[in-house]
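Student: This structure is in structure tokens; I'll ask about it shortly.
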Amino acid sequence: MFRSTKRARVSATTEGPISSSSSLIASAPDKHALFTSWAQDRGITIKSAAAKVLPGRGAGLIATKNIKSKSSIVSVPSTMLFKPDTKVLKRHALDRTASPQAKLAFSLTVALAEGNLAEWSSTWPTMGDFEASMPMFWPEHVLAHLPSSVAAPLARQRTDYTRDWACVQKAVKSLGLSERTFGYAWCIANSRSFSWKGQMVLCPWVDYMNHAAKGSCEVIVGEGGFEVKAAGDVAEGEELTFAYGAHSNDKLLVHYGFVPESTIHHASPDDEIRLDHVILPQLSEHVKSQLQDLGYLGSYALLAPENPCSGSSNCSKCGAQVWELCFKTQVAIRAAVLSCNEWEYFATNGEDLVEDQSHAVFEWLRPFLDNYRLEADREMSAINRLCITDKEKAAAWASLDTRWQQTRNAIAAHLEANDM
Ligand SMILES: C[S@@+](CC[C@H](N)C(=O)[O-])C[C@H]1O[C@@H](n2cnc3c(N)ncnc32)[C@H](O)[C@@H]1O
């Protein structure tokens, strides 16, 4: 581990991280070493881990030697957490009105403007990185190619941001700062905060860790601070990751600006392909009101296999890698194809009254899934053309292409498995 006592000052004016350049990492190769020393000097314990720039993932952590399961890798005392600043929030009358994220983002806006956190913030993504990767910043001509399933989480995120900005804008402007400055802090809070004692906080060094559905580590949150432990044995050179939550890839794209890679044989077990826009337009008003009464209107999805295999195309386990319809979808389609009695029996008992109606459900849905698969093909072709002419938005096109491919593969796997 690097332990430099020389402390070069890393400039962090408000315009630093907000500049549209995404090349800070390349231009300051030792900023991770400086930040690591800064963290260790202040009581953060780091064993067998180092920060590294990883292609396509920004910075992350890797194991510097073999680590045994359950070993402690990083521990951060609570005094080192960046917390919402109660005094600052009270001064601006935001202590009661602002959301937890707005409280953290506003406190961070003020700290960054004052030039605090320079060593730490120099390791964060720039505003240019957020603009490139997060759909909330993409222009209309790119958003036109977003899968419909991403629209709902994106709309929720926009509502949250609009509410937070409305709440803090007077205070931000009174400090002579801009919406862009607050927006940057909001994105930092959005993508690298943790929950601690009922508030949103930032945790130095632990915020280097990238996401994996089955991460190599777990992050343990306690009164005294944060600890990262190996979830299993970790080999030297392996990336140290943890699960941000059981998020679908649509949610990861909107919230964190990336789509995890997957293959036909290996999807994230937390992924799902939302089908509301495929199914809801096909249901009559009468059926929709029946579903609404029982709490089954909307949130329809194809669910990823729970135990994906890591095998190749001829892996014998792959026959079991089926994307299944969720229970809500099973209920909704049965409302369209069965009698009222039969449907209510299934909704209540989770099984069909007389004989298994799964095939009838599949036949009802098949043409609509076929259309969605064709839409995915069309979108992938369009995106492949657009990314050649619109190189400026390369990151957005790459994420969209990956997500459409995953959508297509999931539908194809479901159709193939059920086609008898
Ligand atoms: C908590 S930070 C992790 C550190 C971050 N990579 C960095 O450069 O500072 C979360 C961000 O890391 C990136 N990230 C996390 N997990 C990733 C993954 N599995 N693949 C690609 N990018 C990932 C995303 O940009 C996300 O918003």
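The values are calculated or read from the model by the stated rules, or taken from the named source; none is laboratory data. Worth saying up front: this structure is predicted, and the values here are computed from it rather than measured. Here the Cβ is made from the backbone with ideal geometry for all residues, glycine too, and neighbour counts use every protein chain on show. Side chains are part of the model used for accessible areas, which takes the heavy atoms of the whole protein and leaves out ligands, DNA and RNA. Shrake-Rupley method; radii C 1.70, N 1.55, O 1.52, S 1.80 Å.
Student: Going down the table (Lys87/Lys173; Lys52/Lys393; Lys31/Lys52; Lys52/Lys83; Lys31/Lys391; Lys170/Lys251), which pairs top 20 Å between alpha carbons?
Tutor: Numbers: Lys87/Lys173 18 Å; Lys52/Lys393 25 Å; Lys31/Lys52 11 Å; Lys52/Lys83 26 Å; Lys31/Lys391 29 Å; Lys170/Lys251 31 Å.
The answer is Lys52/Lys393; Lys52/Lys83; Lys31/Lys391; Lys170/Lys251.
Student: Also, quick follow-up: Under the rule a/c < 1.5 gives rounded, and otherwise a/b versus b/c splits prolate from oblate, where does the stretch 126-194 land using the Cα gyration tensor?
Tutor: Working: a/c = 1.97, a/b = 1.78, b/c = 1.11.
In terms of gyration-tensor shape, prolate.
Student: Now for a separate question. To the nearest 0.05, what FRET efficiency results for Arg163 and Met420 with a Förster distance of 56 Å applied to their C-beta separation?
Tutor: Working: r = 50 Å, r/R0 = 0.88.
It comes out at approximately 0.70.
Student: Provide the per residue accessible area, probe 1.4 Å, for the stretch 263-418, rounded to a whole number of square angstrom. Intermediate results must be reported in sequence, preceding the final value.
Tutor: Details: 7910 Å² over 156 residues.
Spelled out: the 1.4 Å probe surface of the stretch 263-418, per residue, equals 51 Å².
Student: A further question follows. Taking 0.36 nm per intervening residue step and subtracting the Cα-Cα distance, what contour gain separates Lys68 from His286 on full extension? Don't skip to the end; give the middle numbers.
Tutor: Numbers: separation 218, 0.36 × 218 = 78.48 nm, distance 5.83 nm.
My answer for the length gained is 72.7 nm.
Student: I've got another one for you. List the relative contact order of the stretch 132-240 as a percent without decimals, with contacts defined as Cα pairs under 8 Å and 6+ residues apart.
Tutor: For the stretch 132-240, the relative contact order is 13 percent.
Student: When the accessible area of the chain is computed with all protein chains present and a 1.4 Å probe, what percentage of it is carbon and sulfur? Walk me through the intermediate numbers first.
Tutor: Numbers: 10090 of 19830 Å².
Carbon and sulfur: 51 percent of the exposed surface of the chain.
Student: In a shell of Cβ-Cβ distance under 10 Å around Ala132, excluding Ala132 itself, what net charge do Lys and Arg (+1) and Asp and Glu (-1) give? List each step's numbers first, then the result.
Tutor: Values: positive: Lys393; negative: Asp129, Glu131, Glu392.
Here the count lands on -2.
Student: Pick from Arg408, Arg158, Arg96: which residue has the top mean-square fluctuation in a GNM of the chain where Cα pairs under 10 Å get a spring?
Tutor: It is Arg96.
Student: Same structure, new question: Can you list the aspartates and glutamates whose alpha carbon sits under 20 Å from that of Lys65, skipping same-chain ones fewer than 8 residues off?
Tutor: In chain and number order, the partners are Glu218, Glu227, Asp233, Glu236, Glu238, Glu239.
Student: Sort Cys326, Cys340 from largest to smallest accessible area, using a 1.4 Å probe on the heavy atoms of the protein chains.
Tutor: On the way: Cys326 15, Cys340 65 Å².
The residues order as Cys340, Cys326, largest area first.
Student: Round to the nearest 10 and report in Å² the accessible area of His141, as given by a 1.4 Å probe over the protein chains' heavy atoms.
Tutor: 100
Student: I would also like to ask the following. Ignoring ligands and nucleic acids, what accessible area does Phe242 show with a 1.4 Å probe (Å², nearest 10)?
Tutor: 30
Student: Another question about this same structure. If you take every residue apart from Gly225 with its C-beta less than 14 Å away from the C-beta of Gly225, what net charge results, scoring Lys and Arg +1 and Asp and Glu -1? Show your work: numbers first, answer last.
Tutor: Details: positive: Arg42, Lys83, Lys197, Lys229; negative: Asp207, Glu223, Glu227.
That works out to +1.
Student: Using a cut-off of 20 Å between alpha-carbon atoms, which aspartates and glutamates can reach Lys90, once sequence neighbours fewer than 8 places away in the same chain are excluded?
Tutor: Cross-link targets: Glu114, Asp164.
Student: Here's something else I'd like to know. So for the chain, averaging the separation of alpha carbon pairs under 8 Å that are six or more residues apart and normalising by length, what relative contact order in percent results?
Tutor: Result for the chain is 17 percent.
Student: Comparing Glu324, Glu344, Glu239, which has the greatest mean-square fluctuation in the GNM of the chain with Cα pairs linked when under 10 Å apart?
Tutor: In this elastic network of the chain, the residue with the biggest mean-square fluctuation among Glu324, Glu344, Glu239 is Glu344.
Student: Kindly report the accessible area of the stretch 15-242 per residue (heavy atoms of protein chains, probe 1.4 Å, no ligands, DNA or RNA), in Å².
Tutor: On the way: 9620 Å² over 228 residues.
For the stretch 15-242, the solvent-accessible area averages 42 Å² per residue.
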